[in-house]
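A short write-up of the structure that comes next.
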Amino acid sequence: MYAHMVKSEATSEDPEMLAAFQARIDAGEKIEPKDWMPAGYRKTLIRQIGQHAHSEIVGQLPEGNWITRAPTLERKANLLAKVQDEAGHGLYLYCAAETLGVSRDEMTEMLLDGRMKYSSIFNYPTLTWADMGAVGWLVDGAAIMNQVPLQRTSYGPYARAMVRICKEESFHQRQGFHVMMSMVKGTEDQKRMAQDALNRFWFPALMMFGPSDKDSVHSRQSMAWKIKMNTNDELRQKFVDETVPQAEYLGLTVPDKKLKWNEETGHYDFAEPDWSEFFEVIKGNGPCNKERIAARQKAWDDGAWVREAMMAHAEKKRARKLAAE
Amino acid sequence: MSKEWPLWEVFIRGQHGMSHRHVGSIHAADAEHAVKNARDVYTRRNEGVSIWVVEAEKITASSPSDKGPLYDPARDKVYRHPTFYDIPDEVGKM
Ligand SMILES: [Fe+2]
Ligand SMILES: [Fe+2]
């Protein structure tokens, strides 16, 4: 997902303390920043929340690409508000990660030098206006699927950030679907653009949930700690089941020949995405990886003098106030 | 590497006359800047009518290991709750 492939860290602490910690989680208690926690829990969370935060921030880029070219003033205002929300989501999450003892600057540096990742989906380009529809509908739709259960995660600051995010997220998906609705009601060309956007984003959206992890030890540990609430396959299935009827409503075809309603299971059967493509994208070889990191690097470098000047100004004001007292 | 902007905790009073409530934190160079950032980050949908910001390092918190000594004494004082006192029905609402 936004934080896929996060490996849980092994933990080697006093078994009694570990058991007491697990009991708190099993009882549904929230873990708060100053509480004792296993080093592995802390490290895994830093990686997961940091990756989630980076995804929100980098996720602004493919959509920011279209703000100045939105077809109407209303769509422009909608998209601007949506992208601004994503910046907010990134900030909520960075703050949640910071309560675990990592600084925002450290996390940014780890993103820029590749030690930390962000969601693979944002390494795909947004080629037409219809992609703004597909991204809101499918990418935010997939994100919601993952984020709703995380509101119950065991780490208090993370859970609270998730609650705020989920409140804002449904507008994102609806505005995307709304764009799709107007595209399919438009000219033949516009309808074709909508279908093309779905074709390109369907499988990358399925990849957002990450490869199957039902046998993964890491995933089992994270689920015991309640920092992962469902397996990747469960969430992917839920996403397909909810999205296919929406595509039908739009009169669009999901680009999967294997897609079929299964009467017995009560779910859709569907084709797996190409996982070799996924691993290539994660490794840095997706269509836009270099461009995305370059954009983040430029923003970081260009903003350096602002960050420094604000601090210098604040210090000068403080000194002046002290002198006057 | 320049110094990071300090961390501020943000408290917001919602529309309906409730107390300020902690909503999260932000980074800012000084208090004025912190209020501006808090406005941008935490009140994009009319969530509040008043913002407080406090530098995070100025906050003194009770420690989690004090949980027992701090709160246990309150637990056995059930007589602090109205339901401890049985009042006959004929007395009426009290
Ligand atoms: Fe978001
Ligand atoms: Fe979103």
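Read-outs: derived from the displayed coordinates by stated rules, not from any lab. For clarity, every value in this text was computed on a predicted model and none was experimentally measured. Virtual Cβ from ideal backbone geometry, glycine too; neighbours counted across all protein chains shown.
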A:T68 versus B:K58: modelled label distance in nm, points set 7 Å from Cα along the beta carbon direction: 4.1 nm
field: By average C-beta atoms within 10 angstrom, highest first, the peptides A:61-70, A:124-133
entry: A:124-133, A:61-70
- request: Considering Cα pairs under 8 angstrom that are at least six residues apart, work out the relative contact order of chain A and quote it in whole percent.
  value: 20 percent
message: Over all directions, the average projected area of the alpha-carbon convex hull for region A:225-321 comes to how many nm²?
response: 13.1 nm²
field: Convex hull of the protein assembly as shown built on C-alpha atoms - directionally averaged projected area, nm²
entry: 29.5 nm²
message: Suppose only helical runs count, i.e. DSSP H with n ≥ 4. What mean residue ellipticity at 222 nm does that imply for the protein assembly as shown under -39500 (n - 2.57) per run, divided by all residues and rounded to the nearest 500 deg cm²/dmol?
response: -17500 deg cm²/dmol
query: Once label points are set 7 Å from the Cα along Cα→Cβ at both B:H22 and B:L70, what is their separation, rounded to one decimal in nm?
result: 1.0 nm
task: Answer rounded, prolate or oblate for region A:141-270, using the Cα gyration tensor with square roots of eigenvalues a ≥ b ≥ c: rounded when a/c is under 1.5, else prolate when a/b is larger than b/c, else oblate.
output: oblate
message: Please rank A:D113, A:D269, B:D30, B:D76, fewest neighbouring Cβ atoms within 10 Å first, as an exposure proxy.
response: B:D76, A:D113, A:D269, B:D30
Between region A:19-50 and region A:181-230, the Cα center-to-center distance that results, in Å: 28 Å
- prompt: Between A:A87 and A:A295, what length comes free when the chain is fully extended (0.36 nm per residue of separation minus the Cα-Cα distance, one decimal in nm)?
  reply: 73.4 nm
Förster-model FRET efficiency, 41 Å R0, A:E188 and A:S276, C-beta, rounded to 0.05: 0.70
- request: May I ask you to sort B:W8, B:W52 by Cβ crowding, counting other Cβ atoms within 10 Å and putting the fewest first?
  value: B:W52, B:W8
For region A:178-325: relative contact order, % (alpha-carbon pairs under 8 angstrom, 6 or more apart): 18 percent
field: Label-point separation, A:W36 to B:R13 (7 Å along Cα→Cβ), nm
entry: 4.1 nm
query: Looking at the square roots a ≥ b ≥ c of the eigenvalues of the Cα gyration tensor of region A:169-223, which shape do they give, rounded for a/c under 1.5, prolate if a/b is larger than b/c, or oblate?
result: oblate
- line: Taking N as the residue count of region A:88-184, its alpha carbon Rg divided by 2.2 N^0.38 Å gives 1.23
query: Zone of A:M310 (label point 7 Å along Cα→Cβ, backbone N under 20 Å): which residues in region A:96-115?
result: A:96-99, A:102-112
message: From the P(r) of region B:1-60, could you give the percentage of C-alpha pairs in the tail past 20 Å?
response: 23 percent
message: Sort A:32-38, A:201-207 by the packing proxy (mean of other Cβ within 10 Å over each peptide's residues), most packed first.
response: A:201-207, A:32-38
- prompt: In the Gaussian network model of chain A, springs joining C-alpha atoms below 10 Å, which of A:E280, A:E291, A:E308 carries the largest mean-square fluctuation?
  reply: A:E308
task: Evaluate E = 1/(1 + (r/R0)^6) for A:K283 and A:E242, where r is the Cβ-Cβ distance and R0 equals 25 Å; express this FRET efficiency to the nearest 0.05.
output: 0.25
- prompt: For region B:1-60, what relative contact order do you get, as a whole percent, if you take Cα pairs closer than 8 Å and at least 6 residues apart?
  reply: 42 percent
